[in-house]
Every structure is written in C-alpha cells, then in structure tokens.
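Where a number appears in this text, it was derived from the coordinates with a stated rule and is not lab data. Quick caveat, the model's predicted, so the values are computed rather than measured. Cβ coordinates were reconstructed from backbone atoms using ideal geometry, including for glycine residues, and neighbour counts include every protein chain displayed.
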Amino acid sequence: MSATEATGAARGARAARSPRDRRTARALWTWALLVAVSFAAGAILHALGVLTIDHLPPLHGHFRVPPLTLLPAIVFGGAAVLFLPALTARLGFRRALLVSYGCALAWTTLLAISADGLSAPLTHPQEYPAVLPMVGDDPLGWLASFTRRLPEYPTHVRGHPPLPVLVLWSLAALGLSGPLWAALLVVAVGCSATVAIALTVRELAGERAARRALPYLALTPASVWIATSMDAFFAGVGAWGVALLVLGGRAGRRGRIARGAGWGAGAGVLLGALPYLSYGLVPYLLIPVVVAVAARVPREVALAALAGASAVTAAFAAAGFLWPSGVLATHAEWAADPGAARPYLYFLFANLGVLAMLTGPATAVGLARPGPGGVRAVVAAALVAVLALDVSGVTRGEVERIWVPYALWIGLAASLTPGRRWLTAQVVTGSLLQGLVLSPW
C-alpha cells in the first residue's frame, strides 16, 4: 500500500468513527454542563438567601478538602479498574458475581471510612435508629399508632413509611443492636444490588452483557451514598425483587411452574414492601413491570408476584397501618418542613444534575450509544420513574440518597462504553464526590 493510500485509509477510518465520537463529545458536554449549571445556579441562590438549608446546592452537604484517609479508596479503585473487568470476563459467572460483590463492598466501605466512619450517618438524631426506644417491646402497637403519632418522630421517620424502623427493630431484636450493625446491614444489602441487577441483565440481554455490567455496578459513583443511607437498603430490596421475578420467569418457561411461582411470590413480597419502605419508591414499580414484559415472565409467575405484593399490603392493613393515610400524614409534615420552601424550578433541573453525578460520565456516554433492547428498556423505565418523581415536586433537594435505587439501574448504560477509561472516569467521579463533599449520609 502506498503512502497516499495509507493516508486515505486513515482519513476514511477517522471519518467512519466521527459520528460516534461526536455523540460521545455531546454526551460528555451535556453531562458536564448539567452538573456545572446545577452548582453555579445553586451557589447564586444560596448567596441570595433563597437556599438556606443547603450549603452546597444541589447537594445537601458542605465542601471540604479531600482527606488523606481517602487514599486507600483511590488505590483500591485504581486496582479494581485494572483487574475487575478481566476477572468478570473470565471467571465462571457465579464467581464473577461474588468477586464483583466483594469489590462493591470493599469500594463502598473504603469510601465511607475515609470520612467519619461507616456507622456515623446512622447516629444522627434525625435518623431511623433514634426512634427505636419509642417502639420498645411493642412493634405492632407502635405500627398501629404510627400515623397518629407521626409529628413526634425524627425527620427521616416522618418522611417515610414505618417499615425502615421495623427492619432496624428486627435487627436489634436478633441481638444486633446499634448503629454499626445497622450500617453493616445497609451496606451488605445495598451492595448486593450489584448481583441482583447482573442476574436480571443476564435474563434480559444474555450473560455477556451481564459480565460487562458487573464492573460498572460494583464501582458506581452512587457508592458514596450506598454507605450508609437507608436508601441503599431500599435499592437492594428492589433489585432483588426484580431479580427474583425474572428468575421465576426463567423457571416457569422451563416448565417448572411451581418453582417459578415460588420465586414470583418472593419477588412480590420484596416489591410489595417498597412502598412501605419509602413513598418515593412507588414509581420504581415501573421497573419490574417493564422487566416482566421484556423477559416474557409467564402469567403464573406474574400472578404469584401480585399475590405476594397484596399479602404485604394486607398484613400492614391488618396491623393498623393504612398506606393512603400514611401518605396524607407525611405530606402534611412535608408541607410544614423548610424543605418544601425550596424553589421548585431550580430543583426540577438540579435534581437531574445530582442524578448525573450519581451515575457518572460513562452513563451519559452509554445513553448516547446503541445497546441490547432489554438493557435499554430497563434503563428507560428507571429514567421515566425518576422524571416522574422530579416533576412531582416532592423531591426538592437531598436526592443524592433518594436517587440511589434508580441510579443503579440507569447506570447500566455505562456498560455500553467498553474500555478502562470509562470505568476509570466512574471511579474518579466517585472519589471526587467522596473527597470534596462532606455529606450527612
């Protein structure tokens, strides 16, 4: 080949790549602009006194100088970028799941202990553990009076249904009381979403797609708020609800109807528990609906899931807690809270800037690229759910924790950007968020 021909071939190759490169550049600029404008507008509003309860809007935190204690997390993140993709590609699938789960646990824990420690967020007087003395030895009595006594409770309890408190009460009843055990539960369940989502992706798009997703799930920037916000626990419960649904569908399609129905009932119990963990998880239920359609879950399994979810609702009603009454009481408390005075239009935009930070730049690039239809469908469902919450106006700030259950699914788009540089970008984003932001969670 002559020099002229070689030059022409190189130009042709660059031209062929240019549409994808332009899409990548646009996605990155959009991501960066969304984040930058959110902070710039927030700083102006804070300086003008419009935002008084947020010191680093759109985040509910403070700026800080990165501590030296962050160094172990950075080193681990760099090592994971080098080795995790190869391990998840070559190991047996079950081992790949275990390695990814271990990586998620280590990354999340190292991020957390670089600040005030793993359990520090759950020691705040406005967090769920603070109300456990009021539950005492009578959880059913406490549950029956929950709505009536709502104004007496700490902020996070007033803003949520009663199930998070009952989960922590059950943990204490097993002899595992205290904020450290609660933090360990939150991190263990939150990080397990890595496994559950990968299992779901395998049913939707095949094992190869699931293996590609594992490193991005384990090293998501959202890990900053997986340790230790109860919303990470919610994320794990929801992810396993979806995973059990598709596993039940798999068994049902293979003729194992009874086993499939059992998985489906378990999925229904977990998914039915979501509205009793957080009112903001109602739109999340769009995800299992879309997954059930995409995975062609048999009717028997779907009906079993509905039965499981109905059983949860019936159990709470029998115990004296009616979900609609809880919603109305919580809305009244929210309306009287200073958070309700936050400007709607700013957070309508800035909440999406926070979502961009939680999902990272690789997700923005992945959203601009083609991918398996099943993965696209579940990412779209999570995006629609987030937009519904955002437009509702009940999520005005503090969404860095509220978005966690949704961000893990949206972050699947990052797996459509193969190459270590994008995984590196995710780790850098998480490290910067942990290093520069002093968050109460």
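Kindly express, to the nearest 10 degrees and within the range 0 to 90, the angle between helix 71-90's C-alpha long axis and the longest C-alpha principal axis of the chain. Value to nearest ten degrees: 70. Round to the nearest 10 and give me the degree value, 0 to 90, for the angle of helix 230-253's Cα axis relative to the longest principal axis of the chain. Compared with the principal axis, the helix lies near 70 degrees.
Using a Gaussian network model of the chain whose springs link C-alpha atoms within less than 10 Å, name the residue from Ile44, Ile74, Ile226 with the highest mean-square fluctuation. The residue that fluctuates most here is Ile44. With contacts taken as Cα pairs under 8 Å at a separation of at least 6 residues, the stretch 28-431 carries a relative contact order of 22 percent. Each residue of the stretch 355-441 gets 86 Å³ once the volume of the Cα convex hull is shared out per residue.
Distance from the Cα centroid of the stretch 363-441 to that of the stretch 205-271 is 17 Å (rounded to whole angstrom). Could you work out which residue, out of Val269, Val224, Val167, moves most in a Gaussian network model of the chain, that is, has the largest mean-square fluctuation with Cα springs under 10 Å? Maximum among the listed residues: Val167. Across Ala341, Ala364, Ala222, mean-square fluctuation computed from a Gaussian network of the chain (C-alpha pairs under 10 Å connected) peaks at Ala341.
In this label model, His46 and Leu71 are separated by 2.9 nm, measuring between points 7 Å along each Cα→Cβ vector. Computed extension length for Ala341-Ala307: 8.2 nm, one decimal, from 0.36 nm per residue of separation with the Cα-Cα distance subtracted.
Between the stretch 120-163 and the stretch 67-113, the C-alpha centres lie 35 angstrom from each other. Compute the FRET efficiency between Ala314 and Arg253 as 1/(1 + (r/R0)^6), taking r as their Cβ-Cβ distance and R0 = 41 Å, and round to the nearest 0.05. It comes to 0.90. In loop segments of the stretch 247-310 as defined by DSSP, the trypsin sites (Lys or Arg not before Pro) with at most 13 further C-beta atoms inside 10 Å of their C-beta are Arg254, Arg296.
Relative to the longest principal axis of the Cα atoms of the chain, helix 323-336 runs at roughly 80 degrees. Taking a quarter of the surface of the Cα convex hull of the chain gives a mean projected area of 23.7 nm².
Using the Cβ-Cβ distance between Ala388 and Ala86 with R0 set to 35 Å, the FRET efficiency works out to roughly 0.35.
Counting helices only, and only those DSSP H runs with n ≥ 4, report the 222 nm mean residue ellipticity of the chain as the sum of -39,500 (n - 2.57) divided by its residues, in deg cm²/dmol to the nearest 500. Present the calculation step by step, with values, prior to reporting the outcome.
On the way: 22 runs with 312 residues, N = 441.
Rounded to the nearest 500, it is -23000 deg cm²/dmol.
Multiplying the residue separation of Arg420 and Ser170 by 0.36 nm and subtracting their alpha-carbon distance yields 85.8 nm.
Compute the FRET efficiency between Leu322 and Thr30 as 1/(1 + (r/R0)^6), taking r as their Cβ-Cβ distance and R0 = 51 Å, and round to the nearest 0.05.
0.75
Using only Cα atoms, figure out Rg for the stretch 136-192 and give it as a multiple of 2.2 N^0.38 Å.
Working: Rg = 12.4 Å, N = 57, 2.2 N^0.38 = 10.2 Å.
For the stretch 136-192, the normalised Cα radius of gyration is 1.21.
Dipole orientation for the stretch 28-431: of the candidates Ala232, Val246, Pro66, Val246 has the Cα lying most toward the positive pole (charges on Cβ; Lys, Arg +1; Asp, Glu -1).
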